[in-house]
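The values are calculated or read from the model by the stated rules, or taken from the named source; none is laboratory data. This one's a predicted model, so the numbers in the text were calculated from it and none came from an experiment. Please note: Cβ atoms are built from the backbone with ideal geometry, for glycine as well, and neighbour counts cover all protein chains shown.
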């Protein structure tokens, strides 16, 4: 059976192409059904995220690249020539290797990001629920999950911060060993603030407050992480509550000055505050960093942490690729073993049919009154001849034609030389 992967991602296609080929949760079950029906695929899994759309298929038929491409175009109502230049296609070993890299975060926009593994698991579960994932893809995806877990455990691929938001949260965890007792005040409601909120929430922050000029936008972010929203005009009132402050607005002027922070510290009885100013131009007056009990970092300060984190992940990715290559070969060895299993089953079936026919003949002879010893000897003689006839004929022909490789293979298969050596 052949495994095939066809897809595109953030490296191969611009966003305007990717967004036209995504599969929403409301259509993916129907898509799996038509994919298997119309492309001669016995099994299929569809992985669709904001950064990639990939079809994983298994079939006894080869050369299905064009069929998958045209199905993808038909399903989305797009002419294939518009997206074909952006596609990549992998077969068998390279398909396995690609999936292992994807699930391990080695093919992600942010190297080592962990969210993709959950997305791969969800895609596989959907395929299982719809009945489109069978033995081959089932074994492949379970193998993939195991390898991705090993890479997370045995390498540092996901431990180092590679985004400013992640770096900010990592520093906060160093200053406050237990974030569950701390309150975070996030100023702004853009992508960076949402990402910071996500990291803080994942690391068990006690409370999240989101402040924004537009309260509705602040509420949309806060609601995702059990936080609450305030307007920027309420900032001074809530600042004393904050142990962690992360600010990223588009304001042309600072939103936090030295005076308001000094007053906040007095109300806090000078308990330390960790502040991160990600905005350009800056949201927090530089003089704030001169205050005792304030740990102020700017985006430039965090960039060195990000750069070091990226270097660390690059080194870890080299270790991870060694694990990927090793387990790719392990899976392909299992795939190759399937051919032997089928051959063994066919060989045993033929031998069992011959045996059953001989046993029935022996039963008839016994019923007719023939002596049991004579029947048993004839059964053994006839069964031996029938089982060995075809191999013997083929080996004689190989000897006449000088096919020494076949004779050597037969010797290895039946282990005849070992028996001869042992009898000496």
Mind listing whichever residues of segment 106-122 are in a helix (DSSP H, G or I) and in contact with a helix residue (DSSP H, G or I) (Cβ under 8 Å, 6 or more places away or on another chain)? 116, 117, 120, 121
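Results for (1) surrounded by 15 or more Cβ atoms within 10 Å (Cβ to Cβ); (2) closer than 30 Å to residue 99 by Cα, shown as yes or no for each residue.
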| residue | (1), (2) |
| --- | --- |
| 342 | no, yes |
| 347 | no, no |
| 357 | no, no |
| 363 | no, no |
| 367 | no, no |
| 375 | yes, no |
| 379 | yes, no |
| 390 | no, no |
| 401 | no, no |
Pick out the one residue from 120, 110, 45 that is modelled with pLDDT under 95, surrounded by 15 or more Cβ atoms within 10 Å (Cβ to Cβ) and under 18 Å from residue 9 (Cα atoms). 110
Residue 202 - would you say it is assigned by TED's automatic domain parsing to the domain that holds residue 54 and over 22 Å from residue 9 (Cβ atoms)? no
I'd like to check something: does segment 269-278 contain any residue that is crowded, with 19+ Cβ neighbours inside 10 Å, part of a helix (DSSP H, G or I) and outside the structural domain of residue 136 (by TED's automatic domain parsing)? no
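Each row is one residue, and each column tells you yes or no for (1) more than 21 Å from residue 109 (Cα to Cα); (2) in contact with a strand residue (DSSP E or B) (Cβ under 9 Å, 6 or more places away or on another chain); (3) outside any loop (DSSP other than H, G, I, E, B).
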{"site": "144", "(1), (2), (3)": "no, no, yes"}
{"site": "173", "(1), (2), (3)": "yes, no, yes"}
{"site": "193", "(1), (2), (3)": "no, yes, yes"}
{"site": "196", "(1), (2), (3)": "no, yes, yes"}
Answer yes if at least one residue in segment 78-89 is part of a helix (DSSP H, G or I), closer than 18 Å to residue 44 by Cα and in contact with a helix residue (DSSP H, G or I) (Cβ under 8 Å, 6 or more places away or on another chain), and no otherwise. no
Collect the residues in segment 42-56 that are touching a residue at least 60 places away in the same chain (Cβ under 8 Å) and either over 20 Å from the mean Cα position of the chain (by Cα) or assigned to a strand (DSSP E or B) (or both), keeping them in residue-number order. 42, 43, 44, 45, 46, 47, 48, 56
Please go through segment 209-241 and pick out each residue that is outside any helix (DSSP H, G or I) and touching a helix residue (DSSP H, G or I) at 6+ places or on another chain (Cβ under 8 Å). 209, 210, 211, 212, 213, 225, 226, 227, 228, 229, 230, 231
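For every residue, the table says whether it meets (1) over 33 Å from the mean Cα position of the chain (by Cα); (2) closer than 21 Å to residue 200 by Cβ; (3) at pLDDT 95 or above.
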position: 270; (1), (2), (3): yes, no, no
position: 284; (1), (2), (3): yes, yes, yes
position: 324; (1), (2), (3): no, no, yes
position: 351; (1), (2), (3): yes, no, no
Within segment 242-267, of all residues that are modelled with pLDDT of 95 or more and in contact with a helix residue (DSSP H, G or I) (Cβ under 6 Å, 6 or more places away or on another chain), the one surrounded by the fewest Cβ atoms within 10 Å (Cβ to Cβ) is 267
If a residue must be surrounded by fewer than 17 Cβ atoms within 10 Å (Cβ to Cβ) and farther than 14 Å from residue 244 by Cβ, how many such residues does segment 203-216 contain? 3
Part of a helix (DSSP H, G or I), without any contact (Cβ under 8 Å) to a residue 40 or more places away in the chain and in contact with a helix residue (DSSP H, G or I) (Cβ under 9 Å, 6 or more places away or on another chain) - does that describe any residue in segment 331-343? no
The lone exception for residue 166 - which of (1) over 21 Å from residue 117 (Cβ atoms); (2) crowded, with 18+ Cβ neighbours inside 10 Å it fails: (1)
Residue 253: free of Cβ contacts under 8 Å to residues at least 60 places away in the same chain, within 19 Å of residue 213 (Cβ to Cβ) and either outside the structural domain of residue 201 (by TED's automatic domain parsing) or not in a helix (DSSP H, G or I) (or both), yes or no? yes
Determine whether segment 78-90 contains at least one residue that is closer than 20 Å to residue 338 by Cβ, within 18 Å of the chain's Cα centre (by Cα) and in the same structural domain as residue 134 (by TED's automatic domain parsing). yes
